[in-house]
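Trainee: Got a structure for you, questions after.
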Amino acid sequence: MRQTTAASPHLVEIAWEACNQVGGIYTVIRSKVSAMIEYWGDQYCLVGPFFPQQAANEFEPTEDYSDVFGKAVLELRAQGVECYYGTWLVTGRPKIVLINPYSAFGQLNEIKYFLWENHKIPTSNEDLLHQVLAFGHQVKQFLAIVAQKAQVVAHFHEWMVGSAIPDLRREQVPVKIVFTTHATLLGRYLAMNDPNFYDQLTAVDWQKEAKNFNIEPAVSIERAAAHGAHVFTTVSEVTVRECIYLLDRIPDTVLPNGLNIRRFTAMHEFQNLHLTYKKKIHQFVMGHFFQSFPFNLDKTLYFFTSGRFEYRNKGFDLTLEALARLNHRMKEAKSDMTVVMFFVTKQSFHSINPGVLHSKALMEEIQETCKAIEDQVGERLFYDAAASTDYRLPSLNDYVDDYWKLRYRRTIQSWKTHQLPPVVTHNLVNDQTDEILHFLRTSNLINNADDRVKVVYHPDFISPINPLFGLEYGQFVRGCHLGVFPSYYEPWGYTPLECVASGIPAVTSDLSGFGDYVKKHVKKYSEKGIYVIDRHDRGFDESAEQLTEHLFDYVEMSRRERITQRNKVESLSEMFDWKKLLVHYERAYQLALGVPQE
């Protein structure tokens, strides 16, 4: 921890996803807390929006308002703002201030008027934008109070909290401002809709495109925040170019994302954990596939990809093309291996496919029947062994009652089917237009018995209450063999990093911040279980072929080689611990405070 006094700078970190899980920024903020507390101690505080349902799960109010932040909260309440002070119940237990945006809705017309009058930021009547604008106004009030009591560095994450920045500068509030864009809003929209996004980046008319996508207010806030900050940052070198052309400011420094790796090391038992959770996935796979046809689970590999449904941005299109090619190549090579590929994302669905649930239920009934037979045979065999003078093993079939024989036969008969295992586990709302399903059907990658690559498309996130897996997402990751994330647009990319932290090899791309970072900072990364697909200045077909090669090479590995690679990738994870990466944040704060750099 740094040496602090009452006069030392206080750090306030503002994020819409502080104590409010919406997307990837939540992981950044939450995982970084322990390292921040270790360095900043009591002079660190988070600020986020108050939403009762989220706060009920993760927030614990305090009765001690004696410090700078607590006193500011009391003054803010006196000004009519509904706000709370306490602890965020995550590792590190940081101080946090939660402010209810709705308590400033009565001032929205005035807030919107002055944003336009003073900063030419347009607004609309969307509820989310109203929450953002009200919250930004309240954050400005809070920081103005804190700044009267201490020297303050305020670190804002993303456009959703950025509307406070222009007025903080205009009113000359003595706060040093750092603003981080984790992904430019316009960049994400353009990448989803333009296959030549990177080639045309230099010629983008930001205002025209923002109006085209109906996001001009948000983009205007993001640009104002970037220009108003004393120090402007982004999360990867990949995003720097995007910031230059879409936000018109060169970032002052780059803040790569990490994880609290100690959560994942699990006392060097990751190999045992892999085996434990792989068995759980085995149970799902048997229930899903074996009613139609069996295959050797000892020669089965589990690949997966996950994330929000952005078909091109997340590289789902490239992954599917490579899987189709891999399936063909494995057939040609007469491989005896099977790959089961899981697509875990979020799409609208009516319900879980009743057939999938029914198969799982029958599978469990078969398992219960086998256990009952096992108990019956074991008990009778033991008795006869003790009583018998014949040393030969008797016919075990004689020990099973007719009831269990009949139940065993009938359950299996009712379970087996000639239908193909479904490629999607749920009944999708947009079944006919879904891009993943369209590819699978047109390429005939539909879980035929002779396919070496099988597909399970799971359009919901995995959680312990999920009736199909009964696993946490992190446990599911540990049970798989390889994560596949060859993104086209990914400013950082936590999913492959989570694999690395769990000792699971992963595929990324050089268009993701994580992949770019690996190429520049990790020697012989492929040997250590991180495969970086070249997508920068490469065509789709060339990248698909490279991904196919990587996947086929992995399939061809021996079990011992895969275990060795898991050891290497797990040992590599330490370089992504927040304790190692926090130095980048400290550099940004020193820049904001005007501390000379070596």
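Trainee: Provide a single number: the residues in the range 318-351 that are hydrophobic (A, V, I, L, M, F, W, C), farther than 20 Å from Ala506 by Cβ and under 22 Å from the mean Cα position of the chain (by Cα).
Mentor: Residues meeting the conditions: 1.
Trainee: May I ask you to say which residue of Val238, Val254 is within 20 Å of the chain's Cα centre (by Cα) and either crowded, with 21+ Cβ neighbours inside 10 Å or modelled with pLDDT of 95 or more (or both)?
Mentor: Val238
Trainee: I'm trying to understand the selection: among the residues of the range 164-203, which are in a loop (DSSP other than H, G, I, E, B), more than 18 Å from Thr233 (Cβ to Cβ) and not acidic (Asp, Glu)?
Mentor: Listed by number, the residues that qualify are Gln172, Val173, Pro174, Pro195, Asn196, Phe197, Tyr198, Gln200.
Trainee: So, Asp317, is that one surrounded by fewer than 17 Cβ atoms within 10 Å (Cβ to Cβ), out of contact with any strand residue (DSSP E or B) (no Cβ under 9 Å at 6 or more places or on another chain) and of a type in the set (Asp, Glu) or not?
Mentor: no
Trainee: Looking at the range 4-121, what strands (runs of 3 or more DSSP E) fall wholly within it and have at least 2 residues that are among the hydroxyl-bearing types (Ser, Thr, Tyr), modelled with pLDDT of 95 or more and touching a Phe, Trp or Tyr at 6+ places or on another chain (Cβ under 8 Å)?
Mentor: Passing ranges, in order: 83-88.
Trainee: Output the number of the condition that Pro422 fails; it satisfies all remaining conditions of (1) closer than 30 Å to Val238 by Cβ; (2) in contact (Cβ under 8 Å) with a residue 60 or more places away in the chain.
Mentor: Checking Pro422 against (1) closer than 30 Å to Val238 by Cβ; (2) in contact (Cβ under 8 Å) with a residue 60 or more places away in the chain, the one that fails is (1).
Trainee: When the range 337-347 is examined, which residues are found to be assigned to a loop (DSSP other than H, G, I, E, B) and at pLDDT 95 or above?
Mentor: Met337, Thr345, Gln347
Trainee: Further question: Please give the number of the condition His282 fails out of (1) surrounded by fewer than 24 Cβ atoms within 10 Å (Cβ to Cβ); (2) outside the structural domain of Pro464 (by TED's automatic domain parsing).
Mentor: Just one mismatch for His282, condition (2).
Trainee: Another question, if that's okay. Within the bounds of the range 417-424, is there any residue that is assigned to a strand (DSSP E or B) and either of a type in the set (A, V, I, L, M) or assigned by TED's automatic domain parsing to the domain that holds Asn447 (or both)?
Mentor: Yes, some residue in the range 417-424 is assigned to a strand (DSSP E or B) and either of a type in the set (A, V, I, L, M) or assigned by TED's automatic domain parsing to the domain that holds Asn447 (or both).
Trainee: Being surrounded by fewer than 24 Cβ atoms within 10 Å (Cβ to Cβ) and outside the structural domain of Pro256 (by TED's automatic domain parsing) narrows it down to one of Tyr525, Tyr488, Tyr531, so name that one.
Mentor: When all the criteria are applied, what remains is Tyr525.
Per-residue answers, yes or no, for (1) farther than 19 Å from Ala164 by Cβ; (2) surrounded by fewer than 20 Cβ atoms within 10 Å (Cβ to Cβ); (3) touching a His at 6+ places or on another chain (Cβ under 6 Å):
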position	(1), (2), (3)
His10	no, no, no
Ala15	no, no, yes
Ala18	no, no, no
Ile29	no, no, no
Trp40	yes, no, no
Gln43	yes, no, yes
Phe51	no, yes, no
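Trainee: Another question, then. From Leu381, Leu396, Leu440, which residue is surrounded by 11 or more Cβ atoms within 10 Å (Cβ to Cβ) and assigned by TED's automatic domain parsing to the domain that holds Val456?
Mentor: Among Leu381, Leu396, Leu440, only Leu440 is surrounded by 11 or more Cβ atoms within 10 Å (Cβ to Cβ) and assigned by TED's automatic domain parsing to the domain that holds Val456.
The values are calculated or read from the model by the stated rules, or taken from the named source; none is laboratory data. Treat the numbers as computed from the prediction; the structure is a model and nothing was measured. Neighbour counts run over all protein chains shown; Cβ positions are idealised from the backbone, glycine included.
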